[in-house]
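S.K.: This is the structure, below, for whatever I ask next.
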Amino acid sequence: MEKGKLIVFSAPSGSGKTTIVKHLLKQIDLNLEFSISATSRDKRGDEINGKDYYFLSTQEFIQHIKKDDFLEWEEVYRDNFYGTLKSEIERIWSLGKHVIFDIDVSGGLRIKRKFPEQTLSIFVKPPSIDELKIRLKKRKTESDDKINMRVAKASAELATAPLFDIIIENDRLNDALDEAYGLVKNFIK
Ligand code: 5GP
């Protein structure tokens, strides 16, 4: 396999897409590798540099933008940059694997536009904005201010769902996991 497939999961923060992505990564038959994004945001909890993200300073991030190193990048929240380095995709393809992304809505759509045939873009829809708020609060990783910022952004993101190849409704997690597995399995055939 010279160039693998690209599986994009996008959704508002708190919709459960990270759980789905982690589940799929455990399925060896799917042959997936996680696209580690670069970010300028602070490290959270037990996150590890080079595993969850490449944590960069804002200055380092801007240097990469200037050098055109990103396939896509986004200022997802104010002063918090996130992006996919081209070198990351090359790294994964050279392992003979398919790439799975956990990225925001604009980034996901941009990748689909750049690689329309190779990409499966999936939007994970939370049951409701209220439920989203509850999930973010339960996570206890962000301040109330940050939670409110994420919830405000979520409403706008929900409107972009129809632009994706597929929408998965994450009402019952087990169903969402099974559905995601089936979709990816079929796409990489
Ligand atoms: P978090 O701070 O919760 O890890 O991520 C915040 C948002 O940024 C999430 O929606 C996440 O999917 C998104 N994100 C993570 N990596 C990337 C990336 O490389 N590009 C873009 N556009 N968004 C990303």
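The values are calculated or read from the model by the stated rules, or taken from the named source; none is laboratory data. Remember, it's a predicted structure, so these values are computed and weren't measured experimentally. In this analysis, Cβ positions are derived from the backbone assuming ideal geometry, glycine residues included, and neighbour counts consider all displayed protein chains.
S.K.: Tell me the residue from Ile62, Ile20 that is of a type in the set (A, V, I, L, M), more than 8 Å from the ligand (Cβ to nearest atom) and within 24 Å of Phe123 (Cα to Cα), please. Step through it out loud before you land on a result.
M.R.: Numbers: Ile62 fails: within 24 Å of Phe123 (Cα to Cα).
After applying the criteria, what remains is Ile20.
S.K.: Please determine whether any residue of the range 34-52 is surrounded by 14 or more Cβ atoms within 10 Å (Cβ to Cβ) and more than 17 Å from the chain's Cα centre (by Cα).
M.R.: Within the range 34-52, none of the residues are surrounded by 14 or more Cβ atoms within 10 Å (Cβ to Cβ) and more than 17 Å from the chain's Cα centre (by Cα).
S.K.: Sort out for me the strands (runs of 3 or more DSSP E) sitting completely within the range 59-125 that have 1 or more residues that are free of Cβ contacts under 8 Å to residues at least 60 places away in the same chain, touching a Leu at 6+ places or on another chain (Cβ under 7 Å) and surrounded by 20 or more Cβ atoms within 10 Å (Cβ to Cβ). Explain how you work it out, then say what you get.
M.R.: On the way: elements: 70-77, 80-85, 98-102, 119-125.
Strands (runs of 3 or more DSSP E) meeting the threshold: 70-77, 80-85.
S.K.: Inspect all residues belonging to the range 14-24 and state whether any of them is closer than 27 Å to Asn170 by Cβ, modelled with pLDDT under 95 and touching an Asp or Glu at 6+ places or on another chain (Cβ under 7 Å). Before the answer, list the steps.
M.R.: First, the residues of the range 14-24 that are closer than 27 Å to Asn170 by Cβ: 14-24.
Filter again for modelled with pLDDT under 95, leaving 14-19.
Among the residues that remain, those that are also touching an Asp or Glu at 6+ places or on another chain (Cβ under 7 Å) are: 17-18.
Scanning the range 14-24 turns up at least one residue that is closer than 27 Å to Asn170 by Cβ, modelled with pLDDT under 95 and touching an Asp or Glu at 6+ places or on another chain (Cβ under 7 Å).
S.K.: For Lys17, state whether it is closer than 21 Å to Leu85 by Cβ and basic (Lys, Arg).
M.R.: Details: closer than 21 Å to Leu85 by Cβ: yes; basic (Lys, Arg): yes.
Considered against the rule, which asks whether it is closer than 21 Å to Leu85 by Cβ and basic (Lys, Arg), Lys17 comes out as yes.
S.K.: Okay, next question. Filtering the range 75-101 down to residues that are within 8 Å of the ligand (Cβ to nearest atom) and modelled with pLDDT of 95 or more, which residue is nearest to Lys26 (Cα to Cα)?
M.R.: Restricting attention to the range 75-101, the residues satisfying the condition of being within 8 Å of the ligand (Cβ to nearest atom) are 76-77, 80, 82-84, 101.
With the extra rule that they be modelled with pLDDT of 95 or more, the set shrinks to 82-84, 101.
Numbers: Tyr82: 25, Gly83: 24, Thr84: 22, Phe101: 14 Å.
Ranking the candidates gives Phe101 first.
S.K.: Tally up the residues in the range 127-143 that are touching a Leu at 6+ places or on another chain (Cβ under 9 Å) and under 18 Å from Ala161 (Cβ atoms), please. I'd like the intermediate steps shown before the answer.
M.R.: Our first condition is that a residue be touching a Leu at 6+ places or on another chain (Cβ under 9 Å); within the range 127-143, this holds for 129, 142.
Next cut, under 18 Å from Ala161 (Cβ atoms) only: 129.
Number satisfying all stated conditions: 1.
S.K.: Kindly indicate whether any position in the range 120-140 is under 17 Å from the mean Cα position of the chain (by Cα) and over 28 Å from Leu30 (Cα atoms).
M.R.: Step one: filter the range 120-140 for residues under 17 Å from the mean Cα position of the chain (by Cα), giving 120-126, 132, 136.
With over 28 Å from Leu30 (Cα atoms) added as a condition, the list becomes 132, 136.
Checking the range 120-140: at least one residue is under 17 Å from the mean Cα position of the chain (by Cα) and over 28 Å from Leu30 (Cα atoms).
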